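Nothing in this text is a laboratory measurement; each read-out follows from the coordinates by a stated rule. None of the values given here were measured: they were computed from a predicted structure. Cβ sites come from the backbone with ideal geometry, for glycine too, and all protein chains shown count toward neighbours.
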Amino acid sequence: MSLVARHLEENGVPTVVMGSARDVVEECGVARFVFTDFPLGNPCGKPWDAEMQRAIVGMGLDMLERAWMARTTVQTPFLWGNDEWRDAFMRVDDSNREALAREGKERRHRQVEAKQERLRM
Amino acid sequence: MNQRRPYRSYVSYMDRSREYYAAQGYSQPYSWAHHDDVPFTPLRKPLSECRVGCVTTAGKMDAEAERQGRRKVRELYAMAANPAPARLFTADLFWDKGATHTDDVGSFLPLNHLAQYAAGGRIGSVSSRFYGVPTDYSQGKTSLRDAPKILEWCREDGVDAMLLSAL
């Protein structure tokens, strides 16, 4: 998504990226970024919270008018309500290490089989 | 509330995904896009006269694919923005399915809110179409195939500024 925004900017279209993966967007480098520190999935506000969503979109519009240089990031003031999701997402620890290794092995096996199937067709 | 923390608060998805896929036995980590230079285009006219468009990473609904539980084909698309779609396909995307949901399209694609801002005169209008871009493992495909097409649609629709929301 950030790559698309960069292409639009390079061709004269001002953009605002709205998202929750701060490191990914900022490493890529975009003109304007509205960051909401939520679990991935709701970059425009909590589901069914129209007031919050409208406020976040409004901050994006403000940036179009007010940002004067690239890499302008604004963090919205909203909090998710708990922090459990931060550690839970893609967690790797002793409780799931073996299961993850097994899943990866099985997936690679399936991919090899699918590739062989395609070659046979 | 004033607090002290020995680590940054926001999640680093680059770190997290690298460690996760390493635990699954993938030895070669994904290389994320990085640029030192960043293009910037200022707004050329008052926002109240601008037509604003939206880009999403969510896909069009495919009832058949969903019913069969198979992966939907990822494709680039442009779709009518009014009325805003009641649902979009997100099951194949990378987002936190344990903590939240995407049943409310307004939480990731702000078409209805933009329409309200247009009605109130904050922006000129909302583009008649919004645009869907698949998140692709290949940065080359995104830059060389998808981004130019979005720009083309953007010009066809007279879009002056774009909001891009990534799940």
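Couple of notes before you dig in:
- Within the range A:64-76, the residues that satisfy the criterion of being within 10 Å of chain B (Cβ to nearest Cβ), buried (at least 16 other Cβ atoms within 10 Å of the Cβ) and in contact (Cβ under 8 Å) with a residue 40 or more places away in the chain are A:Leu64, A:Ala70, A:Thr72.
- Conditions (1) over 28 Å from B:Arg122 (Cα atoms); (2) in a helix (DSSP H, G or I); (3) facing chain B (nearest Cβ under 8 Å); (4) among the aliphatic types (A, V, I, L, M): number failed by A:Val57: (1)
- Test for A:Phe33: is it more than 7 Å from chain B (Cβ to nearest Cβ), in a loop (DSSP other than H, G, I, E, B) and crowded, with 21+ Cβ neighbours inside 10 Å: no
- Looking across B:Ala84, B:Ala33, B:Ala91, one residue alone is under 27 Å from A:Leu100 (Cβ atoms), free of Cβ contacts under 8 Å to residues at least 60 places away in the same chain, under 20 Å from the mean Cα position of the chain (by Cα) and part of a loop (DSSP other than H, G, I, E, B). It is B:Ala91.
- The lone criterion from (1) more than 7 Å from chain B (Cβ to nearest Cβ); (2) more than 23 Å from B:Arg8 (Cα to Cα); (3) touching a helix residue (DSSP H, G or I) at 6+ places or on another chain (Cβ under 6 Å); (4) not basic (Lys, Arg) left unmet by A:Pro47 is number (1).
- Residue in the range B:111-133 that is nearest to the other protein chains (Cβ to nearest Cβ), counting only those that are farther than 21 Å from A:Ala50 by Cβ and surrounded by fewer than 20 Cβ atoms within 10 Å (Cβ to Cβ): B:Gly124
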